[in-house]
1. Taking the stretch 74-107 only, how many residues are over 19 Å from P196 (Cβ atoms), in contact with a Pro (Cβ under 9 Å, 6 or more places away or on another chain) and either open to solvent by 40 Å² or more (accessible area, probe 1.4 Å) or modelled with pLDDT of 90 or more (or both)?
2. Which count do you get for residues in the stretch 160-209 that are of a type in the set (G, A, S), under 21 Å from A97 (Cα atoms) and not in a strand (DSSP E or B)?
3. Look at the stretch 178-204 and say how many of its residues are open to solvent by 20 Å² or more (accessible area, probe 1.4 Å) and over 24 Å from R123 (Cβ atoms).
Amino acid sequence: MLIALVLLIIGSSLLILSVRQIIIQRRLMRGGVSGVFGSMLVFSATIIFLLLLNLQTYIQLTKEVELVEVMVSEITDQGASVNLTIDGRETNYLISADEWRVDARFIKWKPWFTVLGKEPIVRLETLSGKLYRNSQKDQQSYHLSSEIVQLDGLLSYLIDRFGILDVMYGSSVYMPIKKGARFRVSATHSGLIARPVNEQGRMAVQDWN
């Protein structure tokens with residue numbers, strides 16, 4: 001952006017100089033040369049700005065924010081020992097299921113506000129397990145956060161005044177349980193996403209059916 005701004009300033013200055021040379025000083029040749037170079041610099045600045053803007057938009061809309069790391073450390077007759085690491089703090093949970101699932105709540109902004117660098121507000125809510133061996137529903141649901149997302153007065157005013165809030169919604173992600181498998185759960189602008197981060201995790205996903 002700085003390069004585009006510098007080129008725009010120089011180009012605009014040359015265009016102003018060109019107008020002055022042609023109209024006031026009657027130096028048509030010199031004014032014409034200044035005008036051509038000025039126009040080229042302004043055009044180049046515009047192209048660079050548009051390219052950087054597109055790049056910035058792509059980066060912001062595809063950006064991922066790491067929320068939690070999930071590690072299946074051990075599997076016994078009582079269930080799977082699942083370790084969750086959130087902000088450097090590790091907590092262990094016992095899940096008797098075929099899969100683990102993480103739920104979160106999102107506050108998503110309008111695309112134009114997102115491009116300016118505003119990330120969605122995410123609150124982790126629950127960790128649970130899912131069984132496919134029978135028709136039981138989710139088992140052993142654990143609350144991950146007791147904090148409620150609060151919007152300060154200024155942000156609430158901006159939301160009401162300019163309509164920067166796109167939608168509030170819930171998102172879930174789940175992965176198979178296998179000893180030694182490690183996964184990373186991240187927030188994107190479209191919801192949660194989970195990726196295996198070691199060989200055991202990749203094998204668990206590959207054998208998932």
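1. 0
2. So the answer is 4.
3. Total satisfying the criteria: 8.
Residues are listed down the side, and each one gets a yes or a no for (1) at pLDDT 85 or above; (2) touching a Phe, Trp or Tyr at 6+ places or on another chain (Cβ under 7 Å):
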{"position": "G153", "(1), (2)": "no, no"}
{"position": "L158", "(1), (2)": "no, no"}
{"position": "D166", "(1), (2)": "no, yes"}
{"position": "K178", "(1), (2)": "yes, no"}
{"position": "N209", "(1), (2)": "no, no"}
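The values are calculated or read from the model by the stated rules, or taken from the named source; none is laboratory data. All figures in this text were calculated on a predicted structure; none of them were measured in a lab. Don't worry about glycine lacking a Cβ; one is built from the backbone with ideal geometry, like all the others, and counts go over all protein chains shown. In case anyone asks, the SASA skips ligands and DNA or RNA and just uses the protein heavy atoms, side chains included. Shrake-Rupley method; radii C 1.70, N 1.55, O 1.52, S 1.80 Å.
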